[in-house]
Amino acid sequence: MRAYLVAGNWKMNGSRAANGALLAAIKAGLDRCADVETCVCPPSPYLESVGTAVAGSRIALGAQNVSEQDKPGAFTGEVHAAMLGELGCRYVIVGHSERRALYGEDDVRVAQKFRVALAHKLTPILCVGELLAEREAGQTENVLERQLNAVLELNGIGAFANAVIAYEPVWAIGTGRTATPAQAQEAHAFLRGRLGNRDARIAALTRILYGGSVKGDNARELFAGADVDGGLIGGASLKADEFLTICAAAQAQVQN
Ligand code: PEP
């Protein structure tokens, strides 16, 4: 069985004081979701202090980005996967739509980041998702297939035994507009099917998260899809009560 995962992407938010208060409140409420795995992905300068704060708790540490370079060296501003490992990261987000759109990360670079992450024992959370214009043009599946294939071609299906996928329709990220539960399930089933064409066992094991304006009041219906294994949460992960309500929605699915 796939364990639900709820991962918080803090993006470029936080401060030492705010992070401490947020984590203390999340830790205090986590007994509401005993069977759900959780993770927080703070900005890199806070990885060490957040790692210390979550040590020994049920909250895993994740990074928001990693360099595609496998050899350390003259790459100003980049962070190597081994450094993230040293700081205690278990997960790293790769291919978030903001990285693709604002920092020019293409499918090939995303696939390289995925490879380097795995090589250094990090679990990549691979983000895929279509733009609104692509959905309206009936291109959703083509886009998902292209993004997924780039990673499969470089890394092989076996790599997905240690990876997570996040389906994040770009039009739903930070907009307050979510995919309907049916749209989410359809995309997740498509992605699982593409993995399944290569290896049914790995397809059945791979967790596929939904991301895009998940909140405490819509998580339960979004997580009800058979192929939805939790969420990648942006804005709502910065509020302890919202994040915990989302975790509790995942817990409710476990108990169903
Ligand atoms: C995200 O950043 O991955 C995300 C899903 O953001 P939000 O929940 O704010 O839409």
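The values are calculated or read from the model by the stated rules, or taken from the named source; none is laboratory data. For clarity, every value in this text was computed on a predicted model and none was experimentally measured. Every residue, glycine among them, receives a Cβ derived from its backbone with ideal geometry; neighbour counts consider all protein chains shown. In case anyone asks, the SASA skips ligands and DNA or RNA and just uses the protein heavy atoms, side chains included. Shrake-Rupley method; radii C 1.70, N 1.55, O 1.52, S 1.80 Å.
Can you give me the accessible area per residue for the chain, using a 1.4 Å probe, in Å²?
Details: 11090 Å² over 256 residues.
That works out to 43 Å² for each residue.
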Query raised in the report: So what's the gap between the Cα centers of the range 135-160 and the range 32-98, to the nearest angstrom?
Result: 24 Å
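For the chain, what does the helix formula give at 222 nm: sum of -39500 (n - 2.57) over DSSP H segments with n ≥ 4, over the residue count, nearest 500 deg cm²/dmol? Walk me through the numbers on the way to the answer.
Values: 11 runs with 110 residues, N = 256.
After summing the helix terms and dividing by residue count, I get -12500 deg cm²/dmol.
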Query raised in the report: Lys/Arg Cβ at +1, Asp/Glu Cβ at -1, dipole of the range 125-176 taken about the Cα centre: which of I165, N142, L132 is farthest positive-ward?
Result: I165
Report summary line: Here, R58 and R201, labelled 7 Å along Cα→Cβ, have an inter-label distance in nm of 2.9 nm
Report summary line: For 79-89, 60-70, ranked highest to lowest by mean beta-carbon neighbours within 10 Å, the order is 60-70, 79-89
Query raised in the report: What FRET efficiency comes out for the pair E136/T76, r = Cβ-Cβ distance, R0 = 30 Å, nearest 0.05?
Result: 0.15
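More than 35 angstrom separation, counting every C-alpha pair in the chain; what % is that?
Details: 2499 of 32640 pairs.
Value for the chain: 8 percent of Cα pairs lie more than 35 Å apart.
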Report summary line: For the table K71/K121; K11/K215; K27/K113; K113/K239, the rows whose alpha-carbon distance is greater than 26 Å are K27/K113; K113/K239
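Assigning unit charges at the beta carbon (Lys, Arg +1; Asp, Glu -1) and nothing else, what dipole magnitude in debye, to the nearest 20, does the range 117-231 show about its Cα centre? Present the calculation step by step, with values, prior to reporting the outcome.
Values: 11 positive and 13 negative charges, 70 e Å.
Rounded to the nearest 20 debye, it is 340 debye.
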Query raised in the report: Taking every DSSP beta bridge that has both residues in the chain, what percent is antiparallel when rounded to the nearest 5?
Result: 0 percent
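Divide, for the range 156-214, the radius of gyration over alpha carbons by 2.2 N^0.38 Å, where N is the residue count.
On the way: Rg = 12.4 Å, N = 59, 2.2 N^0.38 = 10.4 Å.
Normalised Cα radius of gyration, the range 156-214: 1.19.
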Report task. Express in % the proportion of alpha carbon pairs of the range 85-184 at distances exceeding 24 Å. Result -> 23 percent
Query - Carbon + sulfur, % of accessible area of the chain - ligands and nucleic acids excluded, 1.4 Å - result: 51 percent
Query raised in the report: How big is the equivalent ellipsoid of the range 1-114 along its three axes, where each semi-axis is √(5λ) from the Cα gyration tensor, reported in whole Å from largest to smallest?
Result: 26, 16, 13
